[in-house]
Amino acid sequence: MPPYPYAVFLARQFMIYVAHDWHWFRLRRFHERLVRVYTTPDAPDSKDRLWLCQLLVAFALGASIGGHDPTSHVRRPGSAPPETPIQVSAVSSVASHVPGAEVSGPSATPSTSANIPGVEYLEQALGLLKIPYEEASVEHIETLNMVALCSYGLNRQQTTYMYAGVSARMCNMLQLHLAASSRDCGPVERENRKRVWWTTFCIDRMASTQMGVLPALHIDQADLTYPASDGLAREDMAEFADPDYLTARIQLTVIQADAVGSGDADTDDTPALGRLTAWKAALPVHMAVPFHAGMAASEDDTAVLRSLANLHLRYNHCVILLLRPRLLRQIASIVANDAPNEDSPAREKTLRQNLNHICLDAARSSLNMLFDLRACGLLTHLGFMENMHLFSSLVVLCLAKLINTRRPHSFPADPRDDVAYDTGRDLMQDMAAAGSLAARGHLRMLADVEALARSIAAVDGDAAVDVRVEQRDADDWIALLFDENLADPF
């Protein structure tokens with residue numbers, strides 16, 4: 001376990017960057033247990049295997065955002081005062097009280113994953129995790145959801161899907177999808193169970209969508225209302241984040257799942273786009289305006305602002321993933337040297353230009369938010385999500401410029417796009433230099449797209465383009481950017 005000051009830092013990193021996007025656990029209870037496990041050596045929490053596992057996963061997520069602390073070492077909670085740096089000799093009793101915990105430090109065997117921030121904490125957490133097939137609890141589901149998110153951040157798609165699936169099965173075992181199953185619980189636990197189910201639903205959809213496989217949970221199974229603070233005492237509201245953020249996230253998850261199914265240029269994607277537009281229009285006033293650098297950020301509202309940015313970044317990402325197949329189809333047509341259909345109805349041309357514009361605007365908006373997050377000190381260079389949004393937006397800018405080169409006026413030109421692209425690419429290089437494996441992979445993929453753009457731009461007139469580029473998307477939704485006959489994007 002890390003020293004107490006660093007533990008508080010890691011917990012805060014987790015709270016700021018991801019804790020308000022979904023519901024992971026009761027917030028006030030988590031903080032109380034964190035303090036108790038460090039200050040009271042004989043507290044039951046110090047020997048609670050599942051709680052220590054959950055705490056270590058939170059540390060892993062916090063470290064994956066904020067990076068390493070070279071002074072932190074594993075110890076049994078409570079074995080030394082919070083202010084004292086933890087030495088390897090202080091962990092001799094870990095094995096007897098916390099089976100599966102590992103010692104790290106100068107004398108420990110270095111892990112092969114030691115250079116990836118947070119992985120060491122995750123390995124320790126998994127050593128403590130025991131899946132109870134006959135005695136599942138809500139806390140097990142909370143922990144599995146966090147492990148799934150941690151695996152997602154490491155781009156371990158199959159691992160994410162498996163943990164999300166176990167979590168979903170436990171939800172079904174406890175019947176969290178039925179309001180009646182919580183009838184005998186108090187208001188706080190009733191709301192906790194409801195939010196845990198909705199979070200599991202979102203994580204399950206995220207994992208299954210990325211893998212292109214069937215989800216385990218379906219929204220028509222549940223008779224639950226959306227998260228709410230109604231019925232909670234004032235002092236109990238500190239257990240939960242703003243319910244509007246989780247509700248919006250749930251609704252966006254459902255729309256996104258439908259958008260994935262219709263993400264083909266031959267499909268009418270305007271209904272899904274209409275649902276996205278309606279979702280944004282229906283956001284509460286305090287969530288309607290996308291994050292920008294001019295928003296006041298006090299110590300207490302950084303988590304809320306970061307969650308606001310995450311929400312609007314995800315919205316833009318849904319728009320991009322819905323409409324990007326159209327861009328790829330236009331690229332395929334250019335590469336195949338197909339002449340533009342000048343006889344197509346004016347309405348069809350206008351629709352194509354409007355959808356192109358919407359996709360490009362979503363990419364521009366995401367880039368501006370990412371730049372503003374960096375200006376406010378709220379951008380993590382190691383975040384998988386940040387890399388995903390940055391990469392997707394840069395690809396759209398690159399493809400739009402490429403299409404305009406051969407088919408002018410397909411997109412509204414803006415000289416600021418070149419500056420935004422260069423700035424975004426520099427940011428991705430900074431992320432890669434900081435140790436982000438996702439950024440390194442995205443830079444390679446971006447280089448493929450840029451190579452394609454240069455090849456097409458170098459062709460004179462109506463000559464055919466003899467080029468084939470293989471490139472994979474962060475969400476694995478681009479299996480091949482171009483296959484052998486350039487027929488099927490996505």
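The values are calculated or read from the model by the stated rules, or taken from the named source; none is laboratory data. Here the structure is a predicted model, which is why all the values come from computation and not from measurement. All Cβ positions, glycine included, derive from the backbone under ideal geometry; neighbour counts span all protein chains shown.
The table for this structure:
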| item | result |
| --- | --- |
| Residue list for the stretch 208-225, restricted to those being under 21 Å from the mean Cα position of the chain (by Cα) and either modelled with pLDDT of 95 or more or more than 24 Å from residue 283 (Cβ to Cβ) (or both) | 208, 210, 211, 212, 213, 214, 215, 216, 217, 218 |
| Flag if residue 151 is more than 14 Å from residue 216 (Cα to Cα) and assigned to a helix (DSSP H, G or I) | yes |
| Complete set of residues in the stretch 183-207 that are within 21 Å of the chain's Cα centre (by Cα) and over 19 Å from residue 140 (Cβ atoms) | 205, 206 |
| Subset tally (residues that are assigned to a helix (DSSP H, G or I) and either among the charged types (D, E, K, R) or farther than 20 Å from residue 167 by Cβ (or both)) for the stretch 186-241 | 17 |
| Options 415, 345, 408: the member that is closer than 19 Å to residue 452 by Cα, free of Cβ contacts under 8 Å to residues at least 12 places away in the same chain and surrounded by fewer than 18 Cβ atoms within 10 Å (Cβ to Cβ) | 408 |
| Scan of the stretch 36-58 for residues that are modelled with pLDDT under 95 and more than 13 Å from residue 129 (Cβ to Cβ), ordered by number | 36, 37, 38, 39, 40, 41, 42, 43, 44, 45, 46, 47 |
| Lone qualifier among 185, 202 - being touching a Lys or Arg at 6+ places or on another chain (Cβ under 7 Å) and touching a residue at least 40 places away in the same chain (Cβ under 8 Å) | 202 |
